[in-house]
Amino acid sequence: MRIERIYNRVIFDELVRRPDLNLSFQFQDGLDMKWAGHPNWYFRISKHSLPFLKTEHTSPAFFADQFPAGEKIDNYVLKPLYSFAGLGVDMEPTCDKISGLKNPHDWILQKKVSYAAFVPTVEGPKSKAEIRMMFVWPENDRDPILVNNLIRMSQGKMMGVDFNKDKTWVGASIALHACAEC
């Protein structure tokens, strides 16, 4: 099957940190296809946009160099803007750590989210879960279309396999969802 468009969520610093990855192509190759999304778009709609979202449905976030003096830092998580899979996330930031950042505008402080432990397990402790949804937005359509989702489960402080290595009933899956046309 001919591939004409590839969704690009490549994190280049992750590629540098993972020399064990053996890709069968180079991103600089002249491929006969279109990239659906430049990696910078991912960053712009991911962590970089969080400090600008001020709604009752979003967790408050600030660039590290704009963190309000009246906020309690213990209630926040320090995240690098340009990382992947939780690399560099600090669950226990301090004012000293913030003042020691080389480029504080490349970091955000986001209010901690308390995930509810609600998924029963055979071993006793319930797992926490989050649902991430992927939408596509065809060029001439009025609305985006939900095409996939990702369910991540955890028993640790963070979602993701690197933070749950010694735990069971964690990981990722998908959920069934109703189709608007169905």
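The values are calculated or read from the model by the stated rules, or taken from the named source; none is laboratory data. Please read all numbers here as calculations on a predicted model, not as lab measurements. Every residue, glycine as well, gets a Cβ built from its backbone with ideal geometry; the counts of neighbours run over all protein chains shown.
Tell me whether region 115-133 contains one or more residues that are within 23 Å of His48 (Cα to Cα) and surrounded by 15 or more Cβ atoms within 10 Å (Cβ to Cβ). Checking region 115-133: at least one residue is within 23 Å of His48 (Cα to Cα) and surrounded by 15 or more Cβ atoms within 10 Å (Cβ to Cβ). For region 50-105, how many residues meet the condition of being over 19 Å from Lys157 (Cβ atoms) and in contact with a helix residue (DSSP H, G or I) (Cβ under 8 Å, 6 or more places away or on another chain)? So the count comes out to 15.
In this structure, is Ile174 loosely packed, with under 12 Cβ neighbours inside 10 Å and out of contact with any helix residue (DSSP H, G or I) (no Cβ under 6 Å at 6 or more places or on another chain)?
Numbers: loosely packed, with under 12 Cβ neighbours inside 10 Å: yes; out of contact with any helix residue (DSSP H, G or I) (no Cβ under 6 Å at 6 or more places or on another chain): yes.
Criteria met by Ile174.
With respect to Val122, determine if the residue is assigned by TED's automatic domain parsing to the domain that holds Lys167, free of Cβ contacts under 8 Å to residues at least 60 places away in the same chain and under 21 Å from the mean Cα position of the chain (by Cα). No, not satisfied.
Scanning region 65-84 for residues being surrounded by 14 or more Cβ atoms within 10 Å (Cβ to Cβ) and under 26 Å from Ala129 (Cα atoms) gives a total of 10. Counting only strands (runs of 3 or more DSSP E) that sit wholly inside region 95-147, those with at least 1 residues that are at pLDDT 85 or above and among the hydroxyl-bearing types (Ser, Thr, Tyr) are 127-136.
Applying the set (1) among the aromatic types (Phe, Trp, Tyr); (2) closer than 30 Å to Ala178 by Cα; (3) exposed (fewer than 15 other Cβ atoms within 10 Å of the Cβ) to Phe52 leaves exactly one unmet item: (2).
Is at least one residue of region 141-156 outside the structural domain of Tyr76 (by TED's automatic domain parsing), touching a residue at least 12 places away in the same chain (Cβ under 8 Å) and among the hydroxyl-bearing types (Ser, Thr, Tyr)?
Yes, some residue in region 141-156 is outside the structural domain of Tyr76 (by TED's automatic domain parsing), touching a residue at least 12 places away in the same chain (Cβ under 8 Å) and among the hydroxyl-bearing types (Ser, Thr, Tyr).
Residues to consider are Asn40, Asn22; find the one that is at pLDDT below 85 and closer than 24 Å to Trp137 by Cβ. Give the steps one after another, and end with the answer.
On the way: Asn22 fails: closer than 24 Å to Trp137 by Cβ.
Just one listed residue meets the conditions, Asn40.
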